[in-house]
Structures are given as C-alpha cells and as structure tokens.
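The values are calculated or read from the model by the stated rules, or taken from the named source; none is laboratory data. Since this is a predicted model, take the numbers as computed values, not measurements. Note: ideal-geometry Cβ built from the backbone for every residue, glycine included; neighbour counts use all protein chains shown.
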C-alpha cells in the first residue's frame, strides 16, 4: 500500500510518537474537549468533564468517572483528554489482561507519585465490566483516598456490571451513539487534517455517505474504513498513472465498498442490546409492524444471536400477544422452533422469517393471558376455597362415603353439551376472568361466552 502519512509525531496523540505507524483512528483522537464531537450533552461549561480536563479534580465532587457508551463513542478519548491536565500521569489497564496484582501495583505507584512528587495519576480501565467483584473491590482504596482519578469505560449497564461501592464513589457519564452528522464531520476532518491523511486524497460524497452509513455510529470503525479506502485509491493511482496527477486521487464509492462491505451491527448478546432488541421485536409484533419485526430478527441473526433464542421469543409472543385471535399462530411458532432445531443456520432464518410474518400480521388478543393473570392475582390474595364435592375424585375406596362425585352431571349427556352446574369454588363463583375481544378468531366469542355463563350459572341449578 502506498505511503499515506507524513504527520509530525509531536502532533500525534498518545505517548512516544510513532507517526505514520499509528492507525488513523489513534492519530485523529481529539486532544482537547473542543475537538470532541457528538457528546455535547457532557461538555457544558462547568461540567465535570470540563473541570477535570482543566485540572480541577477532586475539589467539588467525585474525581473518578465511569463512562458508559457504545463502541467508538469516545470513551478512550475522554480518558486521554482528562490525563493531559498539568501534573498528571496516565496509566492504562485492560480488564481483559490485568489482574488484582496489577491493580495493587498501580495503586501503590499512584500513592507514591502523589506523596513524593505531587502528581496525580489517571487510571484508565477499559472494559471494567470484565473485572470480577474482587478485582473491582481492589480499586476502592485508590478511589476512596483519591490516589487515582479512575476513568473506567464500559459498554454494559454499570448498574449491573459495576459493584455498588465503586459506582457510588464515581460519577456516571453516559455517552451516546454518534449520529451521522458527527461521523461525517470526523471522516472529512481526517481527510484534511495533518495528523490524518493530510490532504493526500480527496473523498467523494458517495464514498463519504457509504462510510458513514456502515459505521453505525462507531467513529473508530469509520476512520479504519477510511484509511483502507484511501490506501485503495492511492494504490489504484500508482498502478494506472502515466503522468503527473494534477490533484490528489479521489476516494470513490468503489474504494469505500472494497474497504468495508458490511455494516457494524449494534448488538451485544450478553448486554443491554440483547434485551433492548428482543424487547423491540416483541413490541413490533404486538404492534403488527411486520417490517420492523423482520428488521430486529435480521439484526439479531446478523450479530450472531442463537436462532433458538429468536424462535423462543416467537413462541412466547404467539400466546402472549395473539392468543385465541389466531390459534394457528402458536402452531406456526412451535413448528418454527422445532424446524430451527433441525436445520440450523443459515436456512433457519427462512423459517424464522415465515413465523415472524405470520405473528406480525395476525390479529392480536391478550385476553387469555390477562385472564390467567387475573386468576393468579385472586389466588395470591387468598381467593379459592374447597373444590365442590361433586367434582372431587371418586375413583378410590371410601370416596363415596365422603360424598365425592355425588350429583355430578356429565356434560356430554346434555343435548347442548353444557349443564347448569357449579365448577368453581364458592368464593370464585361469578368471577369473570376471560374477556374475549372481537378480533380475529375471537370475533363472536363474547356472545357465545355469555350464553355459556348463563347456562352454567342458572339460578337454583348450581350445586
């Protein structure tokens, strides 16, 4: 690949220079909060981030931060910006490789640096959610005594992934997924900035739109793709050039497509996205939005979700959201779950698509689900007396002496197939749990149910 860069190492972020050997995403890392884009809600004057970046740590509030946000939203960048204040040293640990001994060593060194040299230590801990409880507890003395300014990054909800004592001693800042405007601004800045491509290439509008769209809000991914696309454009120029080019080569849509042909999928099988997208699928099915439902199924499958998990969600939705409005929906969902087990991916996606369309397009009723919930609520409230004697088991010696089964009327002997007879316990008689709708196969069921209840509850006929 052609040589792209000639940036001054002193202008590059990070330690020790490296110049054109560093990835574009690293070289373009903002050095000040003013260069940060897409997180304006955290950058108001006097905000904790501004105070920390200016060196006013530990004066009027928590000095440690927990940064929660999706990949490529600027968590590592913020840690570097905070570390640049005068009188600070920067230490970076990864929860993937660091252990308790590493944390203790950093704490001891930070305490010595503060006491002996008056220098504060910024400890950047990436992926803190991967730390065990014991490892996170090891951070507490340093945070409590302000030996370190902890800047911890996580893509998972800290309420579930960070121990409560550490969470209470830190300020939680939520970073948002970068929108297309922010990603576009970063990409175009990287084309002209001396730290980036330095104007050695030009970027077409079509290529820029492609890079932005496929980045899915991840700045790192966008810049990595831009770097590859620029190399492709320069290679094409070096192969085809027969004379001096009057202007830098243009990164075309074809160059961008070669660099990245598949969008990043915002999904974490073990985190919030797993539950958020599963929830969105169910709500889309409930709302009869077949297109949205198919989108979420595709999103889960493309991210590597177990298709059996998707199938289980569909089986649940078939009864919870559709119920008796279309009894065949459950049959379809169960058949789909069995088929997914039999054939696996990638063909299982076809089966899931059929089931998703059926459920989304079916009429909806949660009447049976609500009816059971109402019955459960009564039981938990203490409602539910003895089973009527005529309904009790009479197939054992001595049952007749107890009156079990006496007077029971066999419904099939009545021409109507239903008889006036008490089935519910005394304190449940007259309670109406099931309230069918007029949608789908439940249409007409309210009238039928009213007739049945009139026969069952005929005055003077109950036992």
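Applying the set (1) outside any helix (DSSP H, G or I); (2) surrounded by fewer than 22 Cβ atoms within 10 Å (Cβ to Cβ) to residue 234 leaves exactly one unmet item: (1). Looking only at residues of segment 172-183 that are buried (at least 19 other Cβ atoms within 10 Å of the Cβ) and in contact with a helix residue (DSSP H, G or I) (Cβ under 7 Å, 6 or more places away or on another chain), we find that the one that is farthest from residue 75 (Cα to Cα) is 183.
The helices (runs of 4 or more DSSP H) found entirely in segment 132-219 that carry 1 or more residues being free of Cβ contacts under 8 Å to residues at least 24 places away in the same chain and closer than 24 Å to residue 53 by Cα are 164-168.
Every residue, every condition in (1) at pLDDT 90 or above; (2) in a helix (DSSP H, G or I); (3) more than 46 Å from the chain's Cα centre (by Cα), yes or no:
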| position | (1), (2), (3) |
| --- | --- |
| 356 | yes, yes, no |
| 373 | yes, yes, no |
| 378 | no, yes, no |
| 383 | no, no, no |
| 395 | no, no, yes |
| 408 | no, no, yes |
| 416 | no, no, yes |
| 420 | no, no, yes |
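Checking residue 60 against (1) farther than 16 Å from residue 176 by Cα; (2) modelled with pLDDT of 80 or more, which single condition isn't satisfied? Answer for residue 60: the failing condition is (2). Here residue 194 passes the criteria (1) touching a helix residue (DSSP H, G or I) at 6+ places or on another chain (Cβ under 7 Å); (2) closer than 30 Å to residue 118 by Cα except the one numbered (2). Annotation note: of 165, 141, the sole residue that is over 23 Å from the mean Cα position of the chain (by Cα) and at pLDDT 90 or above is 165.
Inspection of segment 436-455 identifies no residue that is within 30 Å of residue 299 (Cα to Cα) and part of a loop (DSSP other than H, G, I, E, B). Given the condition surrounded by 11 or more Cβ atoms within 10 Å (Cβ to Cβ), touching a residue at least 60 places away in the same chain (Cβ under 8 Å) and closer than 30 Å to residue 296 by Cα, answer yes or no: does some residue in segment 372-383 qualify? For segment 372-383, residues surrounded by 11 or more Cβ atoms within 10 Å (Cβ to Cβ), touching a residue at least 60 places away in the same chain (Cβ under 8 Å) and closer than 30 Å to residue 296 by Cα: present. Screening segment 272-313 for residues that are modelled with pLDDT under 90 and not in a helix (DSSP H, G or I) and picking the one that is surrounded by the fewest Cβ atoms within 10 Å (Cβ to Cβ) gives 304.
Among the residues of segment 74-91, those that are at pLDDT 80 or above and under 22 Å from residue 116 (Cβ atoms) comprise 89, 90, 91.
Taking each residue of segment 341-352 that is over 15 Å from residue 312 (Cα atoms) and looking for partners that are modelled with pLDDT of 90 or more and surrounded by 11 or more Cβ atoms within 10 Å (Cβ to Cβ) with beta-carbon atoms closer than 6 Å, six or more apart or interchain, yields 345/307. Taken together, the criteria exclude residue 146 from residues that are farther than 17 Å from residue 72 by Cβ and modelled with pLDDT of 90 or more. Examine segment 393-406 for a residue that is under 21 Å from residue 452 (Cα atoms) and not assigned by TED's automatic domain parsing to the domain that holds residue 287, and state whether such a residue exists. No: segment 393-406 contains no residue that is under 21 Å from residue 452 (Cα atoms) and not assigned by TED's automatic domain parsing to the domain that holds residue 287. Taking segment 314-333 as the range and being surrounded by 23 or more Cβ atoms within 10 Å (Cβ to Cβ) and over 18 Å from residue 371 (Cβ atoms) as the test, the residues that pass are 314, 333.
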